[in-house]
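Note sheet for the following structure.
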Amino acid sequence: MSRTVYVNGNYLPEENATVSIFDRGFLFADGVYEVTAVLDGKLVDYAGHTTRLERSLGELKMEMPISQEELLEVHRELIKRNNLNEGAIYLQITRGAADRDFVFPKDAEQTIVLFTQAKPLSAPKTGIRIISAPDIRWGRRDIKTVQLLAPSMTKMIAKAEGKDDAWMVQDGFVTEGTSSNAYIVTKDGKIVTRNLSNSILHGITRAAVLKLATELDMEIEERPFTIEEAQQAAEAFATAATAFVNPIIEIDNVELSGGTPGPVVTRLSKIYLEESRKAAM
Ligand code: PDD
């Protein structure tokens, strides 16, 4: 069934939605995006996503093309028109269409597109198997740009090896997953995840999960870790808006927590889901 999508102020059937061949998102990956999960037809961690969106736009000297009130209204309208109960809403904003030039255009009208994707998010998770791979991305991974070829290629390396995903490694330390933040749980129960910097995306699910973990009196260490440390950890997991808290049960062919999700990740996953349902708007 055709979805209704939003393009520059209009709600359209997806087959009729178009953007210019001169759009800078197409020519230069000159755009940013956000992904917000939907549970029970409501938005999860919405405030975090819009705050990060404003930051990404600001870092690239772009404006917010519509007001926050309108943006929320568009999200809600797309949920309604597509009868979306569980899944995600993707929001893409580019610098717009202009004759091809490396210099940013002065008066291009920005392009804004939103679309929905139905997917099961709350089903119990059995855990994924990952490999490590070099992090070949650019130096501003804190900006959520639509430049996703490097993570896409990296994910394909994992798929070619029959695995689900990859954790990317730079200078010997894990940065993050191809589209998720990375964590381990040490044998004495500490949650370790890389500290925020330009090397990783500042995950909105990461912020929510670390807040919950703090409230549960779990110990957290924000620091880089190696693949070897991860292979010796008690548990490992990833977080993202489209995967919530996702257990990792194998890293480079080394099985973790007996090949099933361990107790810490199981608890965090359950609590994150419960709290997200309560707080969704
Ligand atoms: N990706 N790191 C990277 C590189 C990501 O692409 C993502 C999310 C995350 C997790 O961020 P958040 O918790 O805010 O979703 C971390 C989205 C889901 C995607 O590209 O589909």
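Coordinate-derived values only; no laboratory data. Everything quoted here is computed from the prediction, not taken from an experiment. Positions of Cβ are backbone-derived with ideal geometry, glycine not excepted, and every protein chain shown enters the neighbour counts.
Just a few scattered comments:
- Alpha-carbon centroids, the range 143-217 and the range 74-96: separation in whole Å: 25
- Charge tally in the Cβ shell below 15 Å around Asp217, where Lys, Arg are +1 and Asp, Glu are -1, Asp217 excluded: -1
- For the range 133-252, the Cα gyration tensor yields ellipsoid semi-axes of 22, 17, 13 Å (square root of five times each eigenvalue, largest first, whole Å).
- Nearest-ten-degree value, helix 204-215 long axis tilted from longest Cα axis of the chain: 40
- Dipole orientation for the range 126-232: of the candidates Val174, Ile200, Trp138, Trp138 has the Cα lying most toward the positive pole (charges on Cβ; Lys, Arg +1; Asp, Glu -1).
- Relative contact order [Cα under 8 Å, 6+ residues apart], the chain, whole percent: 19
- Alpha carbon Rg of the chain, scaled by the compact-globule rule 2.2 N^0.38 Å: 1.02
- Helix axis angle, 46-59 relative to the chain longest principal axis, alpha carbon, degrees: 70
- Using just its DSSP H runs of length 4 or more, each adding -39500 (n - 2.57), the chain gives a mean residue ellipticity at 222 nm of -8500 deg cm²/dmol after division by all residues.
- Lys, Arg +1 and Asp, Glu -1 on Cβ, resulting dipole of the range 4-118 about Cα centre, debye, nearest 20: 120
- Think of the chain as having a plus end and a minus end, set by charges on the Cβ of Lys, Arg, Asp and Glu; of Gln232, Asn83, Val35, Asn83 sits farthest toward the positive end of this dipole.
- When each of Lys144/Lys190; Lys42/Lys119; Lys159/Lys270; Lys42/Lys159; Lys211/Lys278 is checked by Cα-Cα distance, pairs over 20 Å: Lys144/Lys190; Lys159/Lys270; Lys42/Lys159
- For the peptides 130-142, 216-228, the ranking by packing is 130-142, 216-228, with the highest mean count of neighbouring Cβ atoms within 10 Å listed first.
- Over the range 4-118, Cα pairs under 8 Å with separation of 6+ residues give a relative contact order of 38 percent.
- Here is the list for the range 1-98: GluC sites (Glu not before Pro) lying in DSSP coil, each with at most 11 other C-beta atoms within 10 angstrom of its C-beta, are Glu63.
- For the chain, a simple Cβ point-charge model (Lys and Arg +1, Asp and Glu -1, everything else neutral) yields a dipole of about 300 debye relative to the Cα centre.
- In degrees, nearest ten, helix 149-160 long axis to first principal axis of the chain (Cα): 50
- Restricting the trypsin sites (Lys or Arg not before Pro) of the range 39-116 to loop positions (DSSP other than H, G, I, E, B) with no more than 13 neighbouring Cβ atoms within 10 Å leaves Lys61, Arg100, Lys106.
- Over the range 128-279, relative contact order from alpha-carbon pairs under 8 Å, at least 6 apart, %: 23
- Whichever aspartates and glutamates have a C-alpha closer than 19 Å to that of Lys106, once near sequence neighbours (fewer than 8 apart) are set aside: Asp23, Asp30, Glu59, Glu63
- Applying the Kirkwood pairwise sum to the alpha-carbon positions of the range 1-92 produces a hydrodynamic radius of 14.2 angstrom.
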